[in-house]
Amino acid sequence: MKTLILMALLLSAPLAVFANKDTWTNKDGQSMQAELVSVESGQVVFSRGGRTYRYPIANLSEEDQQYVREKAEEFERRGVLAKELRGQLVLMDRGTMRNLTDQEISGKRLFAFYYSASWCGPCRQFTPDLVSFYDEIKASHPEFELVFVSSDRDANSMRQYMREDNMTFPAVKYELKDNLAVVRRHQESGIPNLVFVDGSGEIISRSFVDGNYVGPRKVMSDIRSHLAGE
């Protein structure tokens, strides 16, 4: 019954295309269209219409199981960053800070790191636009996550900034921001700094290019274009 419900959900939602594979068949010959986001613990994670679904690999057709096995290394590479961030993030949830669960970060394969601080005037001007952008796209692009990296002087200032500017995206835990390798890799000399990377950590777009500051708005535009498949 759960299999049939999942099939119905997948077939009723808008299609999101993954590489060259967007149509899947189960062992009963039923077809579905979905984006394959990741492969984890004997399950595939599909995405459709802004929602993700887990499905046992063993319930797929032999042909699709073989495809998943052949792509396993690529999926593993795309999921490296998501695994690295597990247990490292917090979220402002209805005014209260809580830890982001492993499931909430699972399946993400595109990330943007936002280096910012409440005391930075240009950051305070840009942040509301970034929040609006994130709220606009997050439902239709569950494979994408935006992560705030605070340059505030203390954890309370970081929490207040997230609350005042209605940040609905997660943040690196304040006590980890100076030691987490993924944060240090993309840190620059100035803020606001926005860096867009794939799931392996490969940079797609950045605010600093060859030492020159091009700013976060260009990166935000590049994210929009990338997610639109342009």
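None of the figures in this text is laboratory data; all of them are computed from the coordinates on show. On a predicted model such as this, the values are computed, not experimentally measured, just so you know. Counting neighbours? That spans all protein chains shown, and the Cβs are built from the backbone with ideal geometry, glycine included.
List of remarks:
- Highest-fluctuation residue, Phe196, Phe208, Phe144 considered, GNM on the chain with Cα pairs under 10 Å: Phe208
- Under Karplus coefficients 6.51, -1.76 and 1.60, residue-wise ³J(HN,Hα) of region 123-133 in Hz, glycine/proline x: 5, 5, 6, 7, 3, x, 5, 5, 4, 4, 4
- Candidates Gln187, Gln43, Gln103, ranked by Gaussian network fluctuation over the chain, Cα under 10 Å, top entry: Gln103
- Close amide H partners of Val214, meaning residues 5 or more places away or on another chain with modelled amide H under 5 Å apart, are Phe208, Val209.
- Taking Asp154, Asp64 and counting other C-beta atoms within 10 Å, the order from fewest to most: Asp154, Asp64
- Per-pair calculated FRET efficiency, R0 = 22 Å: Arg217 and Asp93 via Cβ, rounded to 0.05: 0.20
- Debye, to nearest 20: dipole size of the chain, +1 on Lys, Arg Cβ, -1 on Asp, Glu Cβ: 460
- Rounded to the nearest 0.05, the FRET efficiency derived from the C-beta distance between Val209 and Asn59 at R0 = 45 Å is 0.45.
- With R₀ set to 25 Å, the beta-carbon distance separating Asn156 from Ala228 gives a calculated FRET efficiency near 0.05.
- Residues whose amide H falls under 5 Å from that of Glu40, counting only those 5 or more places apart or on a different chain, are Val45, with hydrogens built in the peptide plane.
- Least to most buried among Tyr55, Tyr67 (fewest other Cβ within 10 Å first): Tyr67, Tyr55
- Using a Gaussian network model of the chain in which every pair of alpha carbons under 10 angstrom is joined by a spring, one finds that among Ala58, Ala34, Ala82 the greatest mean-square fluctuation is at Ala58.
- Percent antiparallel among DSSP beta bridges (both partners in the chain, rounded to 5): 80
- Full extension of the chain segment joining Glu188 with Asp28 gains 52.3 nm, where the gain is 0.36 nm per residue of separation less the Cα-Cα distance.
- Neighbour-count ranking [beta-carbon atoms within 10 angstrom, fewest first] of Glu40, Glu104, Glu143, Glu164: Glu164, Glu104, Glu40, Glu143
- Interchain or long-range residues, amide H under 5 Å from Ser61's placed H: Thr25, Asn26, Lys27
- Seen through its C-alpha gyration tensor, with square-root eigenvalues sorted a ≥ b ≥ c, the chain comes out prolate because a/c lies at 1.5 or above while a/b is bigger than b/c.
- Extension gain for the segment Val68 to Lys138, taken as residue separation times 0.36 nm less the Cα-Cα distance, is 22.6 nm to one decimal.
- Relative contact order %, region 82-227, counting alpha carbon pairs below 8 Å whose residues are six or more apart: 27
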